[in-house]
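The values are calculated or read from the model by the stated rules, or taken from the named source; none is laboratory data. What you see is a predicted model; the values in this text were computed from it and never measured. Neighbour counts run over all protein chains shown; Cβ positions are idealised from the backbone, glycine included.
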Amino acid sequence: MATIRENQKNGKTVSFRFTVCLERDANGKQIRRYTTWTPPEGLAPTKARKAAERAADAWENEARAEYQKEKEAKAQGRAYMLPPEKRHDDFVSFVNDNWLTLQIRGGNAKPSTVAFYEYMSKTITEYFQGAVLQEISPADIQRYFIYLRTEHKSKLGKPLSPKSIRHQYVTLNVIFEYAEKQEIAVTLMS
């Protein structure tokens, strides 16, 4: 059975993190799958937990079926890609674990470039905490830029400059271009 962990913000449960161990590899390391599920608005905490348990069971069955397809494809010498409509990658995990690690730090970027993208991605990941990469829409990105112009303040308590907002735009564009290149999501920005 999948394990369920609550993700809380300001003392309220905002989502649930599901983890399932599918099996162990040849070295004994667990092969796991993860997803984040957001309960419908207005549910009492106990009802949200029950709904999360039902959703975790359904997701676990789906994850196990996809894993079997993946194993069969590997046994036949083919690569298996999860269809984009079935992917539910956590945006923050994608940015921190894939994009920053593989594309930025793992590439030939200068240390100043790495530091720039690490700094820019902090604000982005704070805003999109709990979001699913494939479910971020152009409207969500527009709301993010409205937030940057109206509500977000710099460390000194001042609004961001147009240049800083442009840097945020460039960083988001690079993130989504990498996601598209990896066939994880489609490009939302241009």
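Table for the structure above
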read-out	value
Filter pass, Ala65 being exposed (fewer than 13 other Cβ atoms within 10 Å of the Cβ) and aliphatic (A, V, I, L, M)	yes
Residues satisfying the stated conditions in the stretch 167-178, i.e. touching a Ser or Thr at 6+ places or on another chain (Cβ under 8 Å) and within 12 Å of Phe94 (Cα to Cα)	Ile175, Phe176
Check on Val95, assigned to a helix (DSSP H, G or I), of a type in the set (Val, Ile, Thr) and touching a Ser or Thr at 6+ places or on another chain (Cβ under 8 Å)	yes
The stretch 133-152 residues that are free of Cβ contacts under 8 Å to residues at least 40 places away in the same chain, paired with ones that are small (Gly, Ala, Ser) (beta carbon under 9 Å, 6 or more apart)	Asp140/Ala131; Leu148/Ser164
Any hit, the stretch 71-85, residues being assigned to a helix (DSSP H, G or I), modelled with pLDDT of 90 or more and either under 24 Å from Asp140 (Cα atoms) or of a type in the set (A, V, I, L, M, F, W, C) (or both)	no
Answer residue from the stretch 145-188, given it is closer than 24 Å to Thr38 by Cα and in contact with a Leu (Cβ under 8 Å, 6 or more places away or on another chain) and is modelled with the lowest pLDDT among those	Ala185
Those residues of the stretch 128-171 which are part of a loop (DSSP other than H, G, I, E, B) and within 19 Å of the chain's Cα centre (by Cα), in sequence order	Phe128, Gln129, Gly130, Ala131, Ile136, Ser137
